[in-house]
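Encoded as structure tokens, the structure appears first; notes follow it.
The values are calculated or read from the model by the stated rules, or taken from the named source; none is laboratory data. All figures in this text were calculated on a predicted structure; none of them were measured in a lab. Here the Cβ positions follow ideal geometry from the backbone for every residue, glycine too, while neighbour counts run over all protein chains shown.
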Amino acid sequence: MAELVFSANDLAQARFTHLAGVGDGAQLPASDVGGRAPGPRPWVDRVRPRLLAAGLDKGWLAELIGPSGYVPDFLTPAHAEPVLTPAGQWEAILASPPDRVREDLDHLARHRGHLGTRLSSLRADPSSRLAGVTQELRTYWELALAPYWARIRTVVEADVFHRARIIAERGAAHAFNDLHTSVSWEDDTLTLTGRKRAMPRHLAGVGLVLVPSAFTGPALRTRMRPPDPPQLAYPARGIGTLWETRSSTATHTLAPVLGRSRSLLLAELANPASAIELAHRTGLSPAAVSQSLTALRNAGLVSAHRAGRSVLYARTAVAEALFGQQRRLGELGVGPQKASRARKAAKTSAASGTRAGGEAFQKGLQALAQYVAREGGMPGRGAVEELADGPHRVGIWVGNQKARRDRLDKAQLAALAELGVQWAR
């Protein structure tokens, strides 16, 4: 157990931040640890083949970010910005003082028992070797994080928004107690039950940096590196659903009342999001999203909050109550017949696809069936559906099939018609 004492000045300088890279707690899922590659399983399944193909399982990062749980501090440089960009992180790493790099590597050696040949060469000459480390970090970012960064950042910003609201409504003490099961606040002291080493305030910098993360797992990560302020990285709210396909039972039951687009947007606002992010997720046009959000806001179901250059939309308490009630009705089996027919069509799509032609058509049909079963209608042109082998542009696929209708055989047309495609009838 560790205790961190706060003065009024420390509390006044407590803040949130985020690192768009390894500092988010992301590990390197290029090799198995205890029979399982580290990280969320859906993310690992998508990312690991890319990292192996790039050779990152045999490079600097594979040795620096291992199963010990300790990530050298020079890879997560301190900064004063709300978000440190990848480029900013790489520049800060290249500027790391050699003595700090050596100190971090010595700490890593104590965790591991020794340093390998590669890391020993980094310790001997940090200035010339760090360029190789940052080059691998660039590759890691492009392959493992950049494709999902918009989604991750939305979850992180929603977490900060939620906790800022707690501070405004109930105070900082309540926000600390709500942060993590191993964290508690009493009087002027923050207690961390899971940390073995002490956190004496006189050896730490002023304030506290809180880092919501999508990759820490259930654990809390701490960083004490004077003169920097102490840092706590914790699992952000909503990461449990970050890689999952949303259930839309409540969407189906609300659609006849609010309309499909508005009910879909309410479903997506389980975590606050910007209008651009909502358009990307749903396949709706930006204009349609803006119009629907205005209507929902006027009805008291959605609120808007500025976050930097973006505006985040969130469900109000009224919407949460309404959505929760509809979800409970859905769990009891109360829902529109249209959704039931779509789910039935989805169950038969695999068989229909087998009869209906080639592998590409079958994949498109599977994506369409999955979309219709969840959303209860046809996808917009920008809609993307996640299948086991990756994302499929189901909206574009439907449009392409319509353009080549004369070349589709009867079985293919019948499979499309079964899913509700009007022009296939």
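Here are a few things to note about the model shown:
- Only residues that are of a type outside the set (A, V, I, L, M, F, W, C) and within 21 Å of residue 107 (Cβ to Cβ) were counted across the stretch 171-200, and they come to 5.
- Residues of the stretch 192-215 satisfying the condition of being touching an Asp or Glu at 6+ places or on another chain (Cβ under 8 Å) and among the hydroxyl-bearing types (Ser, Thr, Tyr): 213
- Applying the criterion of at least 3 residues that are at pLDDT 90 or above, outside the structural domain of residue 222 (by TED's automatic domain parsing) and loosely packed, with under 15 Cβ neighbours inside 10 Å to the helices (runs of 4 or more DSSP H) found wholly in the stretch 58-153 leaves 98-112, 117-124, 126-140.
- Pair list, Cβ < 8 Å and 6+ apart or interchain, from the stretch 402-425 residues that are touching a residue at least 40 places away in the same chain (Cβ under 8 Å) and farther than 14 Å from residue 364 by Cα to residues that are of a type in the set (D, E, K, R) and exposed (fewer than 15 other Cβ atoms within 10 Å of the Cβ): 411/355
- Residues that are among the hydrophobic types (A, V, I, L, M, F, W, C) and without any contact (Cβ under 8 Å) to a residue 40 or more places away in the chain, drawn from the stretch 116-131: 124, 130, 131
- Test for residue 386: is it touching a Ser or Thr at 6+ places or on another chain (Cβ under 7 Å), modelled with pLDDT under 75 and buried (at least 22 other Cβ atoms within 10 Å of the Cβ): no
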